[in-house]
Amino acid sequence: MDITEFLKYGFVQRALIAGSFIALLCSTLGVFLVLRRLSLIGDGLAHATFGSVAVAMLFKMSPLYVSIPIVMICAVGILRLTEKFRVYGDAAIGVVSSLGIAAGVMISSVAGGFNVDLFSYLFGSILSISLTEVYISVGLSAVVLFVLSFFYHDLLSITFDEEASKVSGVKTEWMNTLFVLLTALTVVLSMKVVGIMLISALLILPAVTALQVSKSFRSTIAIAALVSVVSVISGTLISFSLDLPTGASIVIVNFVLFSMGLLYKRAAGSA
Amino acid sequence: MSIEVISVKNLRFRYNSLDVLSEISFSLKTGDYIGLVGPNGSGKTTLLKVILGLVRPDEGEVRLFGQNSTDFTQWQKIGYLPQKPAALNPHFPVTVGEIIALGLLSRKKYPRHMNRSDEAAISSVLDLLDIRDIRDRLIGELSGGQQQRVFLARAIVNDPDLLILDEPSTALDPETRERFFALMGSLNKEKNMAIIIVTHDTGNIGRFASKLLYLDKKLLFFGSFEDFCGSTEITRLFGEFSQHVICHRHD
C-alpha cells in the first residue's frame, strides 16, 4: 500500500493533523527548555500525567480534562519548590515525578490493576485519536503557540540572561510561571502522540538536533519545528506501513535526524 | 539640569545572618561618573544588585529616578552590563544582533516586535562599538573582548540616562580597555549619562571617573578624587600605598 492510500484513512489524517500541531508546539517549547537546562521537567511532568490519567480512569472521566489542571498544579509546584524553598531544580522535578508515579501505581492498584487504556497513554496511541481530541489538540496548540510568539522576546531574554532581563523590565517571576504552565499543557497534549514514557523525547530531540546546525535563535526554532513535524509525520507513516508502535517510531526517526545533525556538525567543523 | 538618578539611604543587606552591606548612603546625579572600588568580597556587585532591585535590602531605601527601586518601571532609563556573564553558555544559539535587540525590550510594548527605529538604534550602536561586521555571528564564536562589546552594546542601545557596569574591563586587552574608557568618558560628557562602574583597575579609574566610592561592606569613602587623594584621613584609613595606586595617574 502506498502513502496516498494511507492518507485516505480518516484516522491517519487525524493523527497527522494533531501530531503536526503538537510537534510544532513541543519543538518550540523544547528549545527554551533545553537552553534553560530544564529538559527533564518534561519527563517529570509526564510522570505526573501518569498519576492524573489514573485519577481520570478511577472516576471514569476524560484523561485530558483531568490531567490539564493536575499537571499544571504540579508544574507550579516544581517552580515554587525551587524558588521559595530553594530545592535544586532537578531534585524538585524528581520529587514531583516520583509522587506522580507513586500516585498512578497506587490508584491503578485500588482500581483493580493496569488496563489497556492506561497502557495506551503510557506508550501513545496517536492512530486512535478521536475527532474531538484533534479539535482540542489543534485549538490548544494554536493558543500555546500564539502565547509563545507573543512573549517571544521576553522568553528569549530570560533564557539567555535572567538577571539582565529583569533590568530590561521583564516580569521574570510571572514569565517563569507562564512558561511552566505552557509546558504542563504541552506535556498533557502530547501524551496521546508518543505516550507518557516518551514525551520528553518530543521536547528534547528536535531542539538538540536544531542546536547542532542553527546559526541564530530564530533559525533554531524553525529547524526544531521542521525536524519535529518531519519526525511525527514520517514516524506515523512508517509505523503504519511496518506495523510498528507509533510513539516509538516517531522517537526513532527523531533520533536518526539528531544523529545526522551531529554528523553534519562534525563535518562542518572539520571543513 | 541635573537630576538625582540614584539615592541610597541607610542600606543594609544581610546574607545568612551576616552583614554583607551596612550603613550605605549616597546619591548619584546625571553627569556623575563614579568608580566603585573595594577589595574582593567587599559587596560591590551586591550593592549594584540591590540598587537594581535584583535583591531586596533588609533595611534602608533605594530610589531610582525618584521612584522606589522595588516599584521601579522606567527600565528604559537604565543600561546594565553585568559582570562577565559567568553563566554564558558558549553554545547558546543567539547572534550579536539578537542580543543587542534584547536591550530595547524595556521601551517596547507587547508583543515587542522590532520596528524601523529599533533597527536604526541597533545599527547606530553597532557602528559606535565597531562591531557591525560581527552582527550575524553567534555569541559563542567571539573572543572575550568582542563579547564584552556586544554586552555593552545591549546596555547602551536604549540611550540610557544611567549606565551601571560591573567590572567591564576585565576581559579587555590594554588597547581595547583604553578605547572602552574613552567611550565611557564621551558618553558621560556628551550625553550627560550618569555612570557607575565597578572596577579593580584602581590605577586607571582616577583618570576617567569624577568620584570614587570605596566600599568594604560599609561605605568607607564617597566623594571626589581630589578629596580622596588630598586627605590625610584617607592615608590613615587606606594606607599610603593604596591611596597612591588610586591617585597617581589622576593628574
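No lab work stands behind these numbers, since they all come straight from the coordinates. Being a predicted model, the structure only gives us computed values, none of them experimental. Note that we place each Cβ from the backbone using ideal geometry, even for glycine, and neighbour counts take in every protein chain shown.
Using 0.36 nm per residue and subtracting the Cα-Cα separation, the extra length available between B:LYS191 and B:ARG14 on full extension is 60.1 nm. Taking only the Cα atoms of chain A, the ratio Rg/Rh comes out at 0.98, with Rh defined as the Kirkwood radius. The convex hull drawn around the Cα atoms of chain B, when projected onto a plane and averaged over every direction, covers 14.5 nm².
With both labels modelled 7 Å from their Cα along Cα-to-Cβ, the A:VAL76 to B:ARG132 distance reads 5.1 nm. From least to most packed, judged by other beta carbons within 10 angstrom and beginning with the fewest, A:ASP43, B:ASP159 follow the order B:ASP159, A:ASP43.
For peptide A:151-160, the mean count of partner chain Cβ atoms within 10 Å of a residue's Cβ comes to 5. Once the C-beta distance of B:ASN89 and A:VAL230 is scaled by a Förster radius of 30 Å, the resulting FRET efficiency is 0.65 to the nearest 0.05.
Converting the Cα gyration tensor eigenvalues of region B:120-204 into ellipsoid dimensions via √(5λ) gives semi-axes, longest first, of 20, 17, 11 Å. Rounded to the nearest 20 debye, the dipole size of region B:1-130 about its Cα centre is 240 debye, using +1 on the Cβ of Lys and Arg and -1 on the Cβ of Asp and Glu. Here the protein assembly as shown is assigned +1 on the Cβ of each Lys and Arg and -1 on the Cβ of each Asp and Glu. Its dipole about the Cα centre then comes out at about 580 debye. Around the Cα centre of region A:3-264, unit charges on the Cβ atoms of Lys, Arg, Asp and Glu (plus for the first two, minus for the last two) sum to a dipole of about 180 debye. Taking each DSSP H run with n ≥ 4 as -39500 (n - 2.57) and averaging over every residue of the protein assembly as shown yields -19000 deg cm²/dmol at 222 nm.
Take each residue of peptide B:95-107, count the partner chain Cβ atoms within 10 Å of its Cβ, and average: the result is 4.
Taking trypsin sites (Lys or Arg not before Pro) as exposed when their DSSP state is a loop state and no more than 14 other Cβ atoms lie within 10 Å, the longest site-free interval of chain A runs over A:87-170.
Sparse packing (at most 15 other Cβ atoms within 10 Å of the Cβ) combined with a DSSP loop state is found for the following chymotrypsin sites (Phe, Trp or Tyr not before Pro) in region A:88-180: A:TYR88, A:PHE114. Size check on region A:1-76: the Cα extents along the three principal axes, sorted descending, read 45, 38, 16 Å. Residue farthest toward the positive end of the dipole of region B:4-247, with Cβ of Lys/Arg at +1 and Asp/Glu at -1: which of B:VAL245, B:GLN146, B:VAL50? Checking the options against the dipole of region B:4-247, the answer is B:VAL50. Since only A:SER241, A:VAL71, A:ILE252 are under comparison, the one whose Cα sits farthest along the positive direction of the charge dipole of region A:3-264, derived from C-beta charges on Lys, Arg, Asp and Glu, is A:VAL71.
Binning the alpha carbon pair distances of region A:37-188 at 5 angstrom intervals from zero yields the distribution 2, 9, 16, 20, 18, 15, 10, 6, 3, 1, 0, expressed in whole percent. Oblate is the label for region A:91-151, because a/c, from the alpha-carbon gyration tensor with a ≥ b ≥ c as root eigenvalues, is 1.5 or above and a/b does not exceed b/c. With r defined as the distance between the Cβ atoms of A:SER62 and B:GLU226 and R0 fixed at 56 Å, what FRET efficiency is calculated, to the nearest 0.05? Here the calculated transfer efficiency is 0.15.
Contact order, relative form, for region B:120-251: 18 percent (alpha carbon pairs under 8 Å, 6 or more residues apart, mean separation divided by residue count). Within the protein assembly as shown, A:CYS26, A:CYS74 have no other Cys Cβ under 4.7 Å of their Cβ and so lack a disulfide-compatible partner by this rule. Our summary gives region A:3-264 a relative contact order of 32 percent, counting only alpha carbon pairs under 8 angstrom and 6 or more residues apart.
Its convex hull of Cα atoms gives the protein assembly as shown a direction-averaged projected area, equal to a quarter of the hull surface, of 28.7 nm².
For region B:144-251, applying the loop criterion from DSSP together with a ceiling of 16 other beta carbons within 10 Å to the trypsin sites (Lys or Arg not before Pro) yields B:LYS191, B:ARG249.
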